[in-house]
Amino acid sequence: MEPTQQRAYSCWASRTILGTLGDYIGKYRLDFRAVFDFALKGDHLEAQLIGPPTIPIFASAKDKFIYRAVDAQLDSERDTNGKVVAVILLQNERCMRAPRTTTQDRGAQ
């Protein structure tokens with residue numbers, strides 16, 4: 001996919017999935033004790049590992065997000081009730097699962 005097509009698709013996917021972004025808000029702990037903090041900022045999510053600044057992530061499909069700043073993606077895992085219970089970071093040929101530890105109010109920004 002060409003970069004222009006990828007940006008257009010990502011924008012479409014973000015708008016399409018906007019109503020479900022609140023499902024992902026919360027904290028997720030990686031195996032090495034780092035914590036992802038997912039927050040809703042306007043019309044997109046931002047993910048922050050403790051320490052580095054927040055980085056916008058963009059929906060590429062339901063339960064799948066990409067970074068533009070780094071070569072990484074995030075997939076989410078849902079339970080049988082449809083609740084997001086973990087995210088999976090795919091980066092540098094590694095797959096790291098981070099179970100959800102907390103949630104926040106969907107309206108928090």
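Listed by first and then second residue, the pairs with beta-carbon distance under 6 Å, at least 6 apart or on different chains, first residue in the range 83-109 and under 13 Å from A39 (Cβ atoms), second at pLDDT 90 or above and not in a loop (DSSP other than H, G, I, E, B), are T102/G26; T102/K27; T103/G26; Q104/G26.
Among the conditions (1) within 10 Å of the chain's Cα centre (by Cα); (2) in a loop (DSSP other than H, G, I, E, B), the only one that I88 does not satisfy is (2). Would you check if A86 is at pLDDT 90 or above and in contact with a Pro (Cβ under 6 Å, 6 or more places away or on another chain)? In short, yes. Here A72 clears all of (1) exposed (fewer than 15 other Cβ atoms within 10 Å of the Cβ); (2) at pLDDT 85 or above; (3) aliphatic (A, V, I, L, M) except the condition numbered (1).
Could you go through the range 46-62 and let me know if any residue there is in contact (Cβ under 8 Å) with a residue 60 or more places away in the chain, touching a Ser or Thr at 6+ places or on another chain (Cβ under 6 Å) and of a type in the set (A, V, I, L, M, F, W, C).
Initially, the range 46-62 is screened for residues in contact (Cβ under 8 Å) with a residue 60 or more places away in the chain, giving none.
There is no residue in the range 46-62 that is in contact (Cβ under 8 Å) with a residue 60 or more places away in the chain, touching a Ser or Thr at 6+ places or on another chain (Cβ under 6 Å) and of a type in the set (A, V, I, L, M, F, W, C).
The values are calculated or read from the model by the stated rules, or taken from the named source; none is laboratory data. Quantities reported herein were computed from a predicted structural model and do not represent experimental measurements. Don't worry about glycine lacking a Cβ; one is built from the backbone with ideal geometry, like all the others, and counts go over all protein chains shown.
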